[in-house]
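> I have a structure here, written as structure tokens, and I will follow up with some questions on it.
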Amino acid sequence: MTHFQHHQSIRVAAVVVNSQHSFALTRAEKFGIDGRYFARKTFSENPESVLGFLKDKNISFILLAGFLQLVPDVLIQHFPDRILNIHPALLPSFGGTGMYGHFVHEAVKASGVSETGLTIHLVDAEYDKGKIIFQATCRVEKDDSPSDIAARVLVMEHIHYPLVAEYFIQTTSKNDTTII
């Protein structure tokens, strides 16, 4: 949100969460952005209500962060190649069902790889299978714990995701004003 706060052509119009206690709602309120909670069940059983909200807000792109649920087909169809997600490891390794948060970093550590990183990808109907837009890497040291790896990757996520999202939106948008 901070990155786009004074942007000339991109604005954050809404924050949607599927966890009632998400800190994102507090941040949205701080920035004067409409924050909306939809239960996980709503996403799976009544995704049209979520789509209706997004249409009412004139949303043109969706940026996911920490969304641990398959995106409903109705949203993927309405926003083709306009939903980005960030994953805290290099895909296609360390992705898919159950690979989120500490599970990812524990798997990275257990595998013995010397590098990890982040992946920004388009969202499709499967977990972590969409077209890769960007990847950045960092070393995994022998003495690193999964928490050490997570902290290093998180710093990279905060640096890269807003910049990559901005570039992606500006290069794929057909309008002068883009709303996320």
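> Select from region 112-144 the residues that are more than 13 Å from Leu90 (Cα to Cα), over 20 Å from the mean Cα position of the chain (by Cα) and touching a residue at least 12 places away in the same chain (Cβ under 8 Å) and list them in ascending order.
Asp144
> Can you confirm whether region 22-29 contains a residue that is more than 23 Å from Leu163 (Cβ to Cβ), surrounded by 15 or more Cβ atoms within 10 Å (Cβ to Cβ) and not aromatic (Phe, Trp, Tyr)?
Residues of region 22-29 that are more than 23 Å from Leu163 (Cβ to Cβ), as a first pass: 22, 25-26, 29.
If we keep only those that are surrounded by 15 or more Cβ atoms within 10 Å (Cβ to Cβ) as well, we get 22, 25.
Keeping just the survivors that are not aromatic (Phe, Trp, Tyr) gives 22, 25.
Checked region 22-29: at least one residue is more than 23 Å from Leu163 (Cβ to Cβ), surrounded by 15 or more Cβ atoms within 10 Å (Cβ to Cβ) and not aromatic (Phe, Trp, Tyr).
> Somewhere in region 102-117, is a residue charged (D, E, K, R) and touching a His at 6+ places or on another chain (Cβ under 7 Å)? Give the derivation first.
Taking region 102-117 as the starting set, the residues that turn out to be charged (D, E, K, R) are 106, 109, 115.
From what is left, the residues that are touching a His at 6+ places or on another chain (Cβ under 7 Å) are none.
Among the residues of region 102-117, not one is charged (D, E, K, R) and touching a His at 6+ places or on another chain (Cβ under 7 Å), which makes the answer no.
> Within region 144-155, can you find the residues that are assigned to a helix (DSSP H, G or I) and surrounded by fewer than 17 Cβ atoms within 10 Å (Cβ to Cβ)? Can you show your working first?
Initial filter on region 144-155 (assigned to a helix (DSSP H, G or I)): 146-155.
Ser147, Asp148, Ala151, Leu154, Val155 - these are the residues of region 144-155 that are assigned to a helix (DSSP H, G or I) and surrounded by fewer than 17 Cβ atoms within 10 Å (Cβ to Cβ).
> Please work out if Thr137 is outside any loop (DSSP other than H, G, I, E, B), surrounded by fewer than 16 Cβ atoms within 10 Å (Cβ to Cβ), at pLDDT 95 or above and in contact with a strand residue (DSSP E or B) (Cβ under 7 Å, 6 or more places away or on another chain). Outline the logic, then answer.
On the way: outside any loop (DSSP other than H, G, I, E, B): yes; surrounded by fewer than 16 Cβ atoms within 10 Å (Cβ to Cβ): yes; at pLDDT 95 or above: yes; in contact with a strand residue (DSSP E or B) (Cβ under 7 Å, 6 or more places away or on another chain): yes.
Answer is yes for this residue.
> Within region 113-126, how many residues are closer than 29 Å to Ser145 by Cβ and either in contact with a Gly (Cβ under 6 Å, 6 or more places away or on another chain) or in a loop (DSSP other than H, G, I, E, B) (or both)?
The initial filter retains those residues of region 113-126 that are closer than 29 Å to Ser145 by Cβ, namely 113-121.
Narrowing the set further to residues that are either in contact with a Gly (Cβ under 6 Å, 6 or more places away or on another chain) or in a loop (DSSP other than H, G, I, E, B) (or both) leaves 113-114, 121.
Number satisfying all stated conditions: 3.
> Please work out if Asp81 is farther than 21 Å from Glu126 by Cα and either without any contact (Cβ under 8 Å) to a residue 40 or more places away in the chain or out of contact with any Pro (no Cβ under 6 Å at 6 or more places or on another chain) (or both).
On the way: farther than 21 Å from Glu126 by Cα: no; either without any contact (Cβ under 8 Å) to a residue 40 or more places away in the chain or out of contact with any Pro (no Cβ under 6 Å at 6 or more places or on another chain) (or both): yes.
No; evaluated as a whole, the condition is false for this residue.
> List pairs: first in region 156-180 and charged (D, E, K, R) and in a helix (DSSP H, G or I), second modelled with pLDDT of 95 or more and surrounded by 12 or more Cβ atoms within 10 Å (Cβ to Cβ), Cβ under 7 Å, 6+ apart or cross-chain?
Listed pairs, sorted by first residue: Glu157/Ile86; Glu157/Pro88; Glu157/Leu118.
> I would also like to ask the following. If you go through region 96-134 one residue at a time, how many are farther than 14 Å from Leu64 by Cα and among the aromatic types (Phe, Trp, Tyr)?
2
The values are calculated or read from the model by the stated rules, or taken from the named source; none is laboratory data. Small disclaimer: the values here were computed from a predicted structure and weren't measured. Using ideal geometry, Cβ is built from the backbone for each residue, glycine included, and neighbour counts are taken over all protein chains shown.
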